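**Student:** Take a look at this one; I'll ask things after.
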Amino acid sequence: MATALENSKKWIRSRKGQQVLICVGFTVIPLLLLFVFTYLPFGQMVKFSFYKMKYSTPVDKRVFVGWKNYIDVFNRKDCFGALKLSLYYCFGAIMQLVLSLYLATVLSFKVKGGNIFKGLMFFPYLISGIAIGFIFKFFYTRGFVLDTLLAGLGINLESLPYWLKDQKVNNWSLVATSVWRYFGQNMVLFIGAIMSVDAELYEAAQLDGANRFQQFKNIILPSIKTIVTLNIILSITGSLSAFEQPYVITNGANGTGTYFVVMNEIAHTSQKVGLASAMAVVLLMIIFGCTILQKLFFKYIFRDANSEDESYAAKRAKQKAQKKADKESKKALRAVKAA
């Protein structure tokens, strides 16, 4: 027994033993933390979704209601109906991605003041979402910053809408806030992906007479398909779970209460924990379904891709460039021999 214990201590002190312990530690500890702080609370939330209960309800007083909470999620207008507001944020996310991809393409090449512009555009993402909410709450308030700027351009103040009260424009105002905050993040990610594209592909495309748009369509876009797909998935899922802007700026008033804002009110104000848990599970299923559909869609769009790094069109352009370079070298050799 003592010999086995001594051998174990020697093995632990050895280089191989320490390597095994380190590998096990770096594997087990993150998995344990992930289980304790993610999967276990999620399992409890799914369990709560089948009960009628409050936070203070004792365990033996909880009433099992089965699928009633899930039925209520789809029947109540203030629950599932709030997802309609996500369409505003989805549209804003798409416009944000198009604009950020365009500017990222321009700024990926040498442009005067490009680095300063990148920094200015990325800065809003570094600010806390709560702080941005308070900034734009005053920005949109009647008679404050936005109205003052428009009045300075000669627009009559009486003809302007109430940006946070008028239901025709208040959700668009909140969407603009979200676009302003996350625009820089997407632009920087696109710039990093575009700058990783092989410069030889541009040279080959120029030799073939391709203009900038054709280079973007046949070289840049297929080559950065992974980051494009990732950004779109993150933007759409973020649109479905919009919370900070409508909660801080309007507190969900005047028809601006998104799904997350309504869920927060039901969970913490009305103390309907079971219904709020069911709403969270339904939203998770919707986000999961949207993610799968988006991946299938982009798999179809980029179906000509044979690898994770380059599309077929990009590889073809590289092959053309190589062939032309070989021909030019052969001509140069012939000229040397002839001389």
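**Student:** Can you tell me how many residues in region 124-140 are hydrophobic (A, V, I, L, M, F, W, C), without any contact (Cβ under 8 Å) to a residue 60 or more places away in the chain and loosely packed, with under 15 Cβ neighbours inside 10 Å? It would help to see each step written out before you state the result.
**Tutor:** First pass over region 124-140, keeping only residues hydrophobic (A, V, I, L, M, F, W, C): 126-127, 130-132, 134-136, 138-139.
The next check asks that each one be without any contact (Cβ under 8 Å) to a residue 60 or more places away in the chain; those that pass are 126-127, 131, 135, 138-139.
With the extra rule that they be loosely packed, with under 15 Cβ neighbours inside 10 Å, the set shrinks to 126-127, 131, 138.
Going through region 124-140 one residue at a time, the tally reaches 4.
**Student:** Specify which of the listed residues (M121, M95) is in a helix (DSSP H, G or I), in contact (Cβ under 8 Å) with a residue 40 or more places away in the chain and open to solvent by 80 Å² or more (accessible area, probe 1.4 Å).
**Tutor:** Details: M121 fails: open to solvent by 80 Å² or more (accessible area, probe 1.4 Å).
On inspection, the qualifying residue turns out to be M95.
**Student:** Just to be sure I understand, how many residues within region 57-82 are open to solvent by 60 Å² or more (accessible area, probe 1.4 Å), in contact (Cβ under 8 Å) with a residue 12 or more places away in the chain and farther than 20 Å from S241 by Cβ?
**Tutor:** Residues meeting the conditions: 4.
**Student:** Considering L85, L146, L150, which residue is in a helix (DSSP H, G or I), closer than 23 Å to A280 by Cβ, open to solvent by less than 50 Å² (accessible area, probe 1.4 Å) and of a type in the set (A, V, I, L, M, F, W, C)?
**Tutor:** One residue alone meets the criteria, L85.
Yes/no per residue for (1) among the aromatic types (F, W, Y); (2) touching a Pro at 6+ places or on another chain (Cβ under 8 Å):
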residue	(1), (2)
A205	no, no
Q214	no, no
I233	no, no
I236	no, no
Y247	yes, no
T258	no, yes
M263	no, no
A267	no, no
L275	no, no
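**Student:** Might you check whether a residue that is at pLDDT 85 or above, of a type in the set (S, T, Y) and farther than 20 Å from F91 by Cβ occurs anywhere in region 303-323?
**Tutor:** No: region 303-323 contains no residue that is at pLDDT 85 or above, of a type in the set (S, T, Y) and farther than 20 Å from F91 by Cβ.
**Student:** With the structure loaded, tell me whether K52 is open to solvent by 70 Å² or more (accessible area, probe 1.4 Å) and touching a residue at least 40 places away in the same chain (Cβ under 8 Å) or whether it fails that test. Give the derivation first.
**Tutor:** Details: open to solvent by 70 Å² or more (accessible area, probe 1.4 Å): yes; touching a residue at least 40 places away in the same chain (Cβ under 8 Å): yes.
Answer is yes for this residue.
**Student:** Is it fair to say F260 is at pLDDT 85 or above, closer than 30 Å to L103 by Cα and of a type in the set (F, W, Y)?
**Tutor:** Numbers: at pLDDT 85 or above: yes; closer than 30 Å to L103 by Cα: no; of a type in the set (F, W, Y): yes.
Answer is no for this residue.
**Student:** Would you pick out the residues in region 13-60 that are over 29 Å from E265 (Cα atoms), polar (S, T, N, Q) and either touching a Leu at 6+ places or on another chain (Cβ under 8 Å) or assigned to a helix (DSSP H, G or I) (or both)?
**Tutor:** Q18, Q19, T27
**Student:** Any idea how many residues of region 1-11 are open to solvent by 80 Å² or more (accessible area, probe 1.4 Å) and either in contact (Cβ under 8 Å) with a residue 40 or more places away in the chain or part of a helix (DSSP H, G or I) (or both)?
**Tutor:** Filtering region 1-11 for residues open to solvent by 80 Å² or more (accessible area, probe 1.4 Å) gives 1, 3, 5-7, 9-11.
In the following step, the residues that additionally are either in contact (Cβ under 8 Å) with a residue 40 or more places away in the chain or part of a helix (DSSP H, G or I) (or both) were identified as 3, 5-7, 9-11.
Final tally of qualifying residues: 7.
**Student:** Find the residue count for region 104-118, including only residues that are loosely packed, with under 11 Cβ neighbours inside 10 Å and either in a helix (DSSP H, G or I) or of a type in the set (D, E, K, R) (or both).
**Tutor:** In the first step, residues of region 104-118 are kept if they are loosely packed, with under 11 Cβ neighbours inside 10 Å; the result is 110, 112-113, 115-116.
Filter once more, so that each one left must be either in a helix (DSSP H, G or I) or of a type in the set (D, E, K, R) (or both): 110, 112, 115-116.
Number of matching residues: 4.
**Student:** What number of residues within region 66-82 are touching a helix residue (DSSP H, G or I) at 6+ places or on another chain (Cβ under 7 Å) and at pLDDT 85 or above?
**Tutor:** Filtering region 66-82 down to residues touching a helix residue (DSSP H, G or I) at 6+ places or on another chain (Cβ under 7 Å) leaves 69-70, 72-74, 78-80, 82.
Those left that are additionally at pLDDT 85 or above: 69-70, 72-74.
Total satisfying the criteria: 5.
**Student:** Another one. Could you tell me whether E200 is among the acidic types (D, E) and either modelled with pLDDT of 85 or more or touching a Gly at 6+ places or on another chain (Cβ under 9 Å) (or both)? Give the steps one after another, and end with the answer.
**Tutor:** Values: among the acidic types (D, E): yes; either modelled with pLDDT of 85 or more or touching a Gly at 6+ places or on another chain (Cβ under 9 Å) (or both): no.
So E200 fails the test.
The values are calculated or read from the model by the stated rules, or taken from the named source; none is laboratory data. Predicted model only: the values in this text are computed from it and were never measured. Neighbour counts run over all protein chains shown; Cβ positions are idealised from the backbone, glycine included. Just the protein is used for accessible areas: all its heavy atoms, side chains included, with ligands, DNA and RNA removed. Shrake-Rupley method; radii C 1.70, N 1.55, O 1.52, S 1.80 Å.
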